[in-house]
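One structure is given below, encoded as structure tokens.
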DNA sequence: TAACGATTTTGACTTTTGTCAAATAATCAA
DNA sequence: TTGATTATTTGACAAAAGTCAAAATCGTTA
């Protein structure tokens with residue numbers, strides 16, 4: 001969602017387009033454990049993480065927090081479902097570390113969609129990218145053992161190992177925390 | 001991708017828009033076991049299944065076919081990745097039953113994107129929908145046991161139980177076929 | 001620094017799932 | 001209809017993963 005030169009060029013954004021886009025974004029600061037979004041709310045903002053780390057999660061039947069995604073710096077937080085369709089969010093999004101974002105409100109984003117047609121295209125491609133990411137994630141569960149999923153996590157997110165708890169990672173890769181502890185010892 | 005009245009109204013498509021869209025689509029017939037797309041090819045078509053059933057799959061390290069998705073009638077086959085970005089497909093898409101589709105070529109679809117801006121919006125929403133579907137799929141692996149995944153499959157796709165093999169379903173829900181056979185007996 | 005809480009590890013055990021091979025059952029084409 | 005092929009079930013066993021509870025470790029703050 002950050003408009004860097006490559007994106008601007010790729011989608012043929014004019015200087016005015018970029019200026020208008022920039023004017024819609026505002027900074028947001030969150031302390032660790034602050035919510036960016038809570039289950040049941042309609043997402044008011046989507047945005048880009050410039051600093052820090054957030055995670056999204058849901059609760060399972062036993063009231064355990066199941067982490068569904070991590071948002072470190074330079075990633076987008078696009079709960080398009082809730083944001084675009086104005087429906088209640090199914091997940092919580094909470095800061096793990098003190099974080100800084102650039103966010104845009106629904107009203108402003110709607111303005112961008114209308115005034116800058118390329119924005120529909122950008123968001124189409126973003127949603128497409130997201131869906132491919134999720135296809136890959138599902139495929140990992142489908143085809144990898146718990147050990148392989150952990151190893152894959154380590155290579156894909158080496159930094160997160162230091163920045164969040166084992167329990168959070170365990171729920172993200174769908175493994176019991178005691179089992180994950182043993183997997184780590186074994187490797 | 002089928003332009004029914006609701007879609008036309010929702011996206012404010014004019015009569016001409018609809019006529020132009022329709023003119024881009026052509027029927028395609030596939031016999032059982034024919035490929036709609038093969039790994040390594042760039043997707044020439046996206047389309048809508050009007051009759052029959054297809055599936056997408058990849059190969060794992062042991063040359064087993066791992067089914068990633070089913071496409072029964074009234075579903076879209078949108079390998080947006082390969083289609084939009086002109087990159088080689090990662091999966092095979094093959095007809096399980098004799099099938100009929102309405103498909104559109106890349107060139108024609110590009111024309112629609114340009115001449116009918118709403119098409120970018122439609123595809124944005126389709127990609128968004130797809131990403132949510134995949135998020136749900138990943139979440140099922142993350143939070144459900146093999147038995148629960150099978151039960152969920154039965155309620156979500158009751159018809160497919162009759163229309164494809166156990167082995168195909170087993171790979172789709174990520175369970176060994178012998179295990180799935182036992183799960184079925186137990187239930 | 002001591003003490004508290006949260007996180008991680010460990011032990012002993014159970015349950016779930018996978019593996020391999022053989023036996024049935026079902027399907028399809030000659 | 002009959003083989004041949006493919007799909008499914010079953011048995012015996014092994015490996016992977018989960019459960020529960022206790023211990024060890026770590027980090028924070030009073």
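The values are calculated or read from the model by the stated rules, or taken from the named source; none is laboratory data. Keep in mind the model is a prediction, meaning the values are calculated, not measured. So basically every Cβ, Gly included, is an ideal-geometry build from the backbone, and we count neighbours across all protein chains shown.
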Failed criterion for residue B:28 (all others in (1) in a strand (DSSP E or B); (2) loosely packed, with under 13 Cβ neighbours inside 10 Å hold): (2)
Considering only residues that are under 22 Å from residue B:127 (Cα atoms) and within 14 Å of chain B (Cβ to nearest Cβ), look in the range A:66-76 and name the one that is surrounded by the fewest Cβ atoms within 10 Å (Cβ to Cβ). A:76
For the range B:99-144, which positions are facing chain A (nearest Cβ under 7 Å), surrounded by fewer than 20 Cβ atoms within 10 Å (Cβ to Cβ) and modelled with pLDDT of 95 or more? B:141, B:143
So, of the residues in the range B:145-187 that are touching a residue at least 40 places away in the same chain (Cβ under 8 Å) and within 11 Å of chain A (Cβ to nearest Cβ), which turns out to be surrounded by the fewest Cβ atoms within 10 Å (Cβ to Cβ)? B:172
